[in-house]
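The structure appears below as structure tokens.
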Amino acid sequence: MAYSTKLIQGVRNGKIKVVKLTETYDIKPFDCGVSDLNEFLFQDAKTYLKYLYSTTFLFENQDKTVAYYSLLNDVLTINSQCDKEFDCELSEIIADKDYAFLLEMKGISLYPAVKIGRLAVDKDFQHHGFGTEILNLIIISFLTNNKTGCQFITVDALNNKETIKFYENNGFSFVTLNDYNKQSRQMYKNLISLKSMI
């Protein structure tokens, strides 16, 4: 799981700190160039936290918020609307005899996941691999400290070329082709296949 380490180095040398947002925390300036993502951080993140809908984490230096992400619980439902690629990948997992037995006994069609509600990097720090580093930190945290069970990382990615390419380059796939023309695309990353890499 190789990736740039500029953000991690910043955290390690004390130039960047990681903060779990609280309702009383003063958020430092931030502008990623996308109004929806900016507004979420300043107008909605604390409300989402208050009502236990999502949790937001900030990366900040002395002057500003470098990046942030929010996480919330999710579930992947397997039905006829799912994309063939997703079915195929799931079939590879199910090929494990223990897992196949579990599914047969429990009649499982819902799979535990965590959703990236928002992920954004300030304009001054974009194109340095920070987004990829954050994704890897999220993945590693659930592979090594998975307290409730989580098989997939999901995201409703903004349906533009840059965002879709970012998630595809980081190993995310589409759950369905039915949202091709919608504002966002449902994407996922399978954590089970990554267990052997840590």
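Quick note: the coordinates plus some simple rules give every number you see, no bench work behind them. Nothing here was measured: the structure is a model prediction, and the numbers come from that model. Cβ coordinates were reconstructed from backbone atoms using ideal geometry, including for glycine residues, and neighbour counts include every protein chain displayed.
Remark on ALA67: its backbone amide H falls under 5 Å from those of PHE59, ASP122, a criterion applied only to residues 5 or more positions apart or on other chains, H modelled at 1.01 Å from N. Relative contact order for the stretch 111-196: 33 percent, from Cα pairs under 8 Å spaced at least 6 residues apart, divided by residue count. For the stretch 141-154, 3J(HN,Hα) computed residue by residue from phi via the Karplus equation (6.51, -1.76, 1.60; θ = phi - 60°) reads 5, 7, 6, 9, 9, 8, 7, 10, x, 7, 9, 9, 9, 10 Hz, glycine and proline entered as x.
Of the peptides 117-126, 152-161, 168-177, the ranking by mean beta-carbon count within 10 Å, highest at the top, reads 117-126, 152-161, 168-177. Go through LYS50/LYS147; LYS64/LYS147; LYS15/LYS161; LYS28/LYS195; LYS46/LYS195 and tell me which ones have a Cα-Cα distance over 25 Å in this structure. From LYS50/LYS147; LYS64/LYS147; LYS15/LYS161; LYS28/LYS195; LYS46/LYS195, over 25 Å: LYS64/LYS147; LYS15/LYS161; LYS28/LYS195; LYS46/LYS195.
For the stretch 37-47, 3J(HN,Hα) computed residue by residue from phi via the Karplus equation (6.51, -1.76, 1.60; θ = phi - 60°) reads 6, 5, 5, 4, 4, 8, 10, 10, 4, 6, 5 Hz, glycine and proline entered as x. For GLY117, the residues 5 or more places off, or on other chains, whose built amide H falls under 5 Å of its own are SER70, LEU71, LEU72. Computed from backbone phi, the HN-Hα couplings of the stretch 61-70 come to 9, 5, 10, 8, 7, 6, 6, 8, 8, 10 Hz, rounded to whole numbers (Karplus: 6.51 cos²θ - 1.76 cosθ + 1.60, θ = phi - 60°; Gly and Pro given as x). Counting beta carbons within 10 Å around each of TYR180, TYR167 and listing the fewest first gives the order TYR180, TYR167.
Distances between placed amide hydrogens fall under 5 Å for GLN151 paired with ALA113, all partners being 5 or more residues away or on another chain. Just need the relative contact order of the stretch 112-156 here, percent rounded to a whole number, with Cα pairs under 8 Å and 6+ apart. Relative contact order comes out at 73 percent.
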